[in-house]
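What follows is a set of notes on a single structure, which appears directly below.
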Ligand SMILES: CN(C)C(=N)NCCC[C@H](N)C(=O)O
């Protein structure tokens, strides 16, 4: 099925501050390399037949390329992001304005801190929601009320995996891949109960943001370095599209971070 993704070209990308353990401003990042890697990602989606819309990048917002954090869109309802760190605060209204300007009438500003699809991942009958580093657990309840979908809270415990989408991705509408070590013991039990047939990723693959992947149910766009995870995906019948986003990883992001899915 054709997907609709919102992306933001990294025209102002930089690593200027450190708000996660992957970011080292002293080491910097090469914007031109980041742009060319991002273009490869965009082309990969287009070659798969997916629709890609673009939001204008804003000067002074170096992390705006990570569109997944800008909102959560389910059934045409847009739940706006409210960022944890002041450095990214202006991205929330910028993304919400894009949706309003593009005719999404059911767009809601959030009362509680949440980083969009960074911490909310949507399956057919439920939304998985991360908390612990960024998104406030009260935002899980607010999103459930606004979207009319069950939201299942998952507790993140490892600062390297500060967003849910660094540690888990939906393979399709009813199954996931994840790295158990990123979750509290109780949340690991919840995941085992909900997804007995999940792909369990290694710490090595999680550490190259291999779980920050995008699946359309048939094709999985994934960081090239996550070798074992790619093998397991192929074994399960998925088409694997490896991409190199190493420059964007210097800010703590991968393919999924660059991709906000617009549902409905
Ligand atoms: C899965 N991830 C990590 C994302 N969805 N977003 C990446 C955000 C990176 C940004 N420097 C930050 O720390 O907020």
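The values are calculated or read from the model by the stated rules, or taken from the named source; none is laboratory data. This one's a predicted model, so the numbers in the text were calculated from it and none came from an experiment. Note that each Cβ is placed from the backbone with ideal geometry, even for glycine, and that neighbours are counted across all protein chains shown.
Details
- Residue count for region 93-119 satisfying the condition of being outside any helix (DSSP H, G or I), surrounded by fewer than 22 Cβ atoms within 10 Å (Cβ to Cβ) and within 16 Å of the ligand (Cβ to nearest atom): 1.
- Strands (runs of 3 or more DSSP E) enclosed by region 1-86 - at least 1 residues per element that are under 30 Å from residue 137 (Cβ atoms) and modelled with pLDDT of 95 or more: 4-7, 71-74, 77-80
- Residues in region 155-169 that are outside any helix (DSSP H, G or I) and crowded, with 23+ Cβ neighbours inside 10 Å: 156, 162, 163, 167, 168, 169.
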